[in-house]
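The values are calculated or read from the model by the stated rules, or taken from the named source; none is laboratory data. Note that the coordinates shown come from a computational prediction; the quantities given were computed from them, not determined experimentally. Reconstructed Cβ throughout: ideal geometry from the backbone, glycine too, with neighbour counts over all protein chains shown. Protein only, heavy atoms only, side chains kept; ligands, DNA and RNA dropped before computing areas. Shrake-Rupley method; radii C 1.70, N 1.55, O 1.52, S 1.80 Å.
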Amino acid sequence: MTLAVVRNLSSPRGAQTQQELEDFEQEIVDQYALAMASAGLTGGHVGNTRSAIIDFARSLPGPLWAASCEDADRFLAGLRHQGRSANTRAGKAGTIAQFYDFVIARYQGDIRALTGCIVEQPIDEFNRPPGRNQGEVRVPPSDAEVDHLFTQWRGSVALARKYLPAARNYFAASRRLGLRMNETIMLDIRDWRPDLGDFGKLHVRFGKGSRGRGPKPRLVPAINGADRLIDWWLAEVRHQFGDDWSDPDAPMLPSERNDSALARCRRVGDDALRTALTKQTKMLLPAWAGRLTPHVLRHYCASSLYGDGMDLKALQELLGHEWLSTTTDSTISRIQRGRRPALPGISRPAPPSQTNRRVPAGHRTRMAWFRGALRPAQSRTGRLRTPLRDPLPA
């Protein structure tokens, strides 16, 4: 009878082939992707994480488990030399750090047994990028500047060569509720619910999720005159894009092109809306040319609502922030003034007038398509609760 060989688990095993080591390295990355999927993270987030890990692996002279802090230093410095933004570098560093936490927790013993190598965390407090928001104060434009921009923009809509795209771009840019750009373009007609609450509510179904966990839906009350603006858009403009105005699944912000497969308008892309805002800012507010973006207007909305007296907690829910500190960063320009002025409301301009572009009264009355989502013109007039300096179309 022969005795079996007893091997200490803490000592390296027999020499492995290069192919076996590469397969083991790939298995670790795949297991991490499976763990993220098991945690409920979206496929897009998992794919982006894998790409960041593979990019880091390609920069290493050896396998992933042999990476050191010096390797991470070179990788992050290379990203900076490539012109990557501070947020991109910080995001990749965080992704790599989480991956190595996973490797150390689950595979430290196996790697030590197979290769004799002890895995260390390559991202530490010395090389982790802080990100762009560290120490940065975002100051949005003043009320007077925003008033000037949207007042002039509103006046140019009725005179535009292509009225419908001009009205759509104005409507999308009037960010009274501070929605993100992607949240705005993903709205459908059914998402406007005037029957909820005092002013109606928008069902933001594609709200920005946190930590790769997919969309985070929320209901946003149509305060700050947003109810009148939405009613104007749906009752007087949206139906002119096509016959899909009565389809609750049609996009609220349509493109000029039709989707033949669905027999309705396509959804407008964010590039068209961003380009329109950039163009109008360059013409009407040149001091902010190249700096006024949809996200800056989101900060302006948050700051103005806080200045009007909205509580930070309510503002956090309105904006869809996971952390209250993020909301505080959005309103820092008002907080640093030391007091909260009692303003009557944000003086955003009202919907543009539509000379010779009115919808017949009978047509308005027939627009009670989705659970009474649009009321007749007389009822809508009675719902004008939030006063604005500029009157709405009669």
Have a look at LEU149, LEU79, LEU60 and point out the one that is over 27 Å from the mean Cα position of the chain (by Cα) and surrounded by 15 or more Cβ atoms within 10 Å (Cβ to Cβ). LEU60
When you check PHE102 against the structure, is it over 20 Å from ALA272 (Cβ atoms), open to solvent by 40 Å² or more (accessible area, probe 1.4 Å) and of a type in the set (Phe, Trp, Tyr), yes or no? no
Taking into account only those residues within region 183-216 that are hydrophobic (A, V, I, L, M, F, W, C) and in a loop (DSSP other than H, G, I, E, B), which is least open to solvent (accessible area, probe 1.4 Å)? LEU187
Number of the condition not met by LEU219 [criteria: (1) part of a loop (DSSP other than H, G, I, E, B); (2) open to solvent by 80 Å² or more (accessible area, probe 1.4 Å)]: (1)
Every residue in region 169-205 that is β-branched (Val, Ile, Thr) and under 18 Å from SER255 (Cα atoms), please. THR184, ILE185, ILE189
Where a residue in region 108-127 is touching a residue at least 12 places away in the same chain (Cβ under 8 Å) and its partner, wherever it lies, is hydroxyl-bearing (Ser, Thr, Tyr) and outside any loop (DSSP other than H, G, I, E, B), with Cβ under 9 Å and at least six apart: VAL119/TYR100; VAL119/TYR107; GLU120/TYR100; GLN121/TYR100; PRO122/TYR100; ILE123/TYR100
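Each row is one residue, and each column tells you yes or no for (1) under 27 Å from GLY200 (Cα atoms); (2) not hydrophobic (A, V, I, L, M, F, W, C).
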{"residue": "GLY242", "(1), (2)": "yes, yes"}
{"residue": "TRP245", "(1), (2)": "yes, no"}
{"residue": "ASN258", "(1), (2)": "no, yes"}
{"residue": "ASP270", "(1), (2)": "yes, yes"}
Where a residue in region 70-91 is under 15 Å from PHE126 (Cα atoms) and acidic (Asp, Glu) and its partner, wherever it lies, is open to solvent by less than 30 Å² (accessible area, probe 1.4 Å) and in a loop (DSSP other than H, G, I, E, B), with Cβ under 9 Å and at least six apart: GLU70/PRO122; ASP71/LEU60; ASP71/PRO122; ASP73/PRO122; ASP73/ASN127
